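Have a look at the structure below, then the notes.
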Amino acid sequence: MGGAAQVLAECITKVRNVHMLEEFGSPEAIWEFEVRDFPAVVTMDSHGESLHKEIHAQSGAALAKRR
């Protein structure tokens, strides 16, 4: 994320957990954060939800209606 990482990091209010820290090291570990006023769109979450899939499905349905 480059320079934006500093802005996003300032929104972290809590580190909930760190997964696979020993295996991958700090930069590549899987981090769980709680954030406040996060100025970015999270498109995939830890529950398997994907904004990409949702928009693709909605767009496909809308296009199908127009045909």
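Derivation of every value follows stated rules applied to the coordinates shown; laboratory data play no part. As the structure is a prediction and not an experimental result, all values here were calculated from the model. Here the Cβ is made from the backbone with ideal geometry for all residues, glycine too, and neighbour counts use every protein chain on show.
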### Task
List the relative contact order of the chain as a percent without decimals, with contacts defined as Cα pairs under 8 Å and 6+ residues apart.
25 percent
### Summary
Between residue 18 and residue 41, Cβ-based FRET efficiency (R0 25 Å, step 0.05) works out to 0.60
### Query
Label points 7 Å out from Cα along the Cβ direction at residue 63 and residue 29: separation in nm?
4.2 nm
### Task
With P(r) over Cα pairs in 5 Å bins from 0, in percent defined as stated, name the option among (i) 3, 13, 15, 20, 18, 11, 7, 6, 5, 2, 0; (ii) 4, 18, 26, 26, 19, 6, 1; (iii) 3, 18, 25, 26, 17, 9, 2 computed from the structure displayed.
(i)
## Note on the structure
From DSSP H assignment alone, runs of 4+ in the chain each adding -39500 (n - 2.57), the sum over residues rounded to the nearest 500 puts [θ] at 222 nm at -11000 deg cm²/dmol
### Task
Report, in debye and to the nearest 20, how large the dipole of the chain comes out about its Cα centre when Lys and Arg carry +1 and Asp and Glu carry -1 on their Cβ.
640 debye
### Summary
For residue 33, the residues 5 or more places away or on another chain with a placed amide H closer than 5 Å to its own amide H are 16
### Query
Considering the dipole of the chain built from charges on the beta carbon (Lys and Arg +1, Asp and Glu -1) around the Cα centre, which of 48, 62, 33 is farthest to its positive end?
62
### Message
If you fit an axis through the alpha-carbon atoms of helix 51-66 and take the longest principal axis of the Cα set of the chain, what angle between them do you get, 0 to 90°, nearest 10?
### Response
10 degrees
